[in-house]
Each structure stands twice: as structure tokens, then as C-alpha cells.
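Input: a single structure, listed below in C-alpha cells.
Every read-out reported here was derived from the displayed coordinates using simple, explicitly stated rules and does not represent laboratory data. Note that the structure is a prediction, hence the values are computed from the model and not measured. A quick note on method: Cβ atoms are made from the backbone with ideal geometry, for glycine too, and the neighbour counts reach across all protein chains shown.
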Amino acid sequence: MKEGCPHLAESYRFAEPKPKTPQGCEECLATGDQWVHLRLCLTCGHVGCCDDSKNKHATKHFRSVQHPVIRSFEPGETWRWCFADSAVADLPGVAVPVSAHP
Ligand SMILES: [Zn+2]
Ligand SMILES: [Zn+2]
Ligand SMILES: [Zn+2]
């Protein structure tokens, strides 16, 4: 079995940052666009929209600043995703490589 990514395990060792725009995707709010689901960057607290949204700001955020780990910002969802390793985790220390998108 492949070893899990270090970023997800690391992300559970620190308190998550305060969401900068808890009311929605930072860039979409600025442009008046709409989103489908929200993702929270666990490095800086950026809130971005998922890949089902037309602007895909969570992915764009990773590409521009290389913050690897996000978590779902949807109510009741706790899973985390590492862009760098395409790995998902829903329990501390458990990372499973998958082929899904964020
Ligand atoms: Zn990783
Ligand atoms: Zn957006
Ligand atoms: Zn970030």
C-alpha cells in the first residue's frame, strides 16, 4: 500500500485557520458569481468554490499559492483533500489516494 501524503496528517496537528469569507467563495463574492460547493484552505483560510462550480476557485487557489490541503466547507462534511497528492482523508492520520476531484 502506498504511503499517505504528509500534508493531510500534518493538517490535523494544527487548528484550522479562520475562514476569511465564511459567507462564500472569496473571488465569486468579489465578481458577483455563483458557486456550487465551498472548500476551505487549511493553510490560510481562503474560501473557494469546488470543481463543480464554473470558476473552480479552490483549485485555482492551490495552483497560484501551492497551499495543498483544503477541507469541505459544506455543513456536515468533514473530509479533507490534498491537491499535491490527490489524496483524501476523513479521519486524523488516514489518507487514501483517490482519483476523485475536490
Ligand atoms: Zn499531500
Ligand atoms: Zn469561486
Ligand atoms: Zn490558502
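A few remarks follow.
- Contacts under 7 angstrom Cβ, first residue in region 45-61 being on the phi < 0 side of the Ramachandran plot, partner part of a loop (DSSP other than H, G, I, E, B) and of a type in the set (S, T, N, Q), 6 or more apart: 47/21; 49/55
- Single unsatisfied condition, residue 61 versus (1) exposed (fewer than 15 other Cβ atoms within 10 Å of the Cβ); (2) under 17 Å from residue 82 (Cα atoms): (1)
Matching residues to (1) within 16 Å of ligand 3 (Cβ to nearest atom); (2) small (Gly, Ala, Ser); (3) touching a Gly at 6+ places or on another chain (Cβ under 6 Å):
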{"residue": "14", "(1), (2), (3)": "yes, no, no"}
{"residue": "18", "(1), (2), (3)": "yes, no, yes"}
{"residue": "33", "(1), (2), (3)": "no, no, no"}
{"residue": "37", "(1), (2), (3)": "no, no, no"}
{"residue": "51", "(1), (2), (3)": "no, no, no"}
{"residue": "60", "(1), (2), (3)": "yes, no, no"}
{"residue": "75", "(1), (2), (3)": "no, no, no"}
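- Check on residue 56, of a type in the set (Lys, Arg) and within 16 Å of ligand 2 (Cβ to nearest atom): yes
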